[in-house]
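Working notes, beginning with the structure itself.
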Amino acid sequence: MVQHKITLLPGDGIGPEVTASVVSILECAGVDIEWEKYFVGSEAISRFGDPLPPEVLESILRNKVALKGPVTTPVGTGFSSINVRLRKALDLYANLRPVKSMPNVLTRFENIDLIVVRENTEDLYSGLEHEVVPGVVESLKIITERASTRIARFAFEYARTHARKRVTAVHKANIMKMSDGLFLQCFRNVAKDYPNIEADDRIIDNLCMQLVVDPNQFDVLLLENLYGDIVSDLAAGLVGGLGVVAGANIGEA
């Protein structure tokens, strides 16, 4: 009897190569898996006329876990990001990326052990854009108390269960006083429930500078969607690049 059924989305570009390597590693480890393979992105458009066919979501909902390779997102035109659609459709509100130094991978820094926690469902990634007049486009940044509180609690719970000592909220509340201010206030409210975990915050531009000066000064980083997207890749570069770090999109279903 198969122990695990997992949805497999190889993606495109380097995606099939990356996912094939992961599948091989799991096979060598003796994990009993039945893979349900589906196409997404440009390959799915050519086959089915939809970059994210309904049966893909049905498979993920049924299996509760999926392995997805990178999927190309057209720049400035074309279909919407598959990652964003999956996160919204499945309410995968937490993006988790452990960033850890690996043996025999030469980098500028050693002994890095960071956790990047990114809110996944709102902020500028809501994609609420419109043309006000020709030549003027408005993009709306959405921050809610519900989503900000939920991701803050996820970060502190992760820190508590994994013996982490500190959670740092990253923001630009000095300029975006209402939106980032709300995110920061929700973080501070949740922090009161975790007195044994240190809680502090950094402005996003200062954080980026501090990361490339001394990444070992941080433990768990909590960020809004856009900041988290950028910083998670920056942090990956500290340990060798995107090819040596894992990333997970997590929901409650």
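Brief remarks follow.
- Full-stretch length increase - K177, V22 - with 0.36 nm per residue and alpha-carbon distance subtracted: 51.5 nm
- Accessible area (Å², 1.4 Å probe, nearest 10) - R153: 90
- With helices as the sole contributors, the chain gives -11500 deg cm²/dmol at 222 nm; each DSSP H run of n ≥ 4 counts as -39500 (n - 2.57), and the sum is divided by every residue.
- Percent of alpha-carbon pairs separated by more than 18 Å within the range 55-111: 55
- In the chain, inverting the average of 1/r over every pair of distinct C-alpha atoms gives 19.7 Å as the Kirkwood radius.
- Carbon plus sulfur fraction of accessible area for the range 179-234, probe 1.4 Å, in percent: 52
- Between the range 179-237 and the range 149-169, the Cα center-to-center distance that results, in Å: 11
- Under DSSP loop assignment and at most 16 Cβ neighbours within 10 Å, longest GluC sites (Glu not before Pro)-free interval of the chain: 111-251
- Computed extension length for I14-R47: 9.9 nm, one decimal, from 0.36 nm per residue of separation with the Cα-Cα distance subtracted.
- Tail beyond 16 Å, pair distance distribution of the range 163-253 (Cα, percent): 59
- Reach of K64 by Cα under 26 Å, taken over lysines that are not fewer than 8 positions away in the same chain: K5, K37, K88
The values are calculated or read from the model by the stated rules, or taken from the named source; none is laboratory data. Just so you know, these numbers come straight off a predicted model, no measurement behind them. Don't worry about glycine lacking a Cβ; one is built from the backbone with ideal geometry, like all the others, and counts go over all protein chains shown. These area figures cover heavy atoms from the full protein model, side chains too; ligands, DNA and RNA do not enter into them. Shrake-Rupley method; radii C 1.70, N 1.55, O 1.52, S 1.80 Å.
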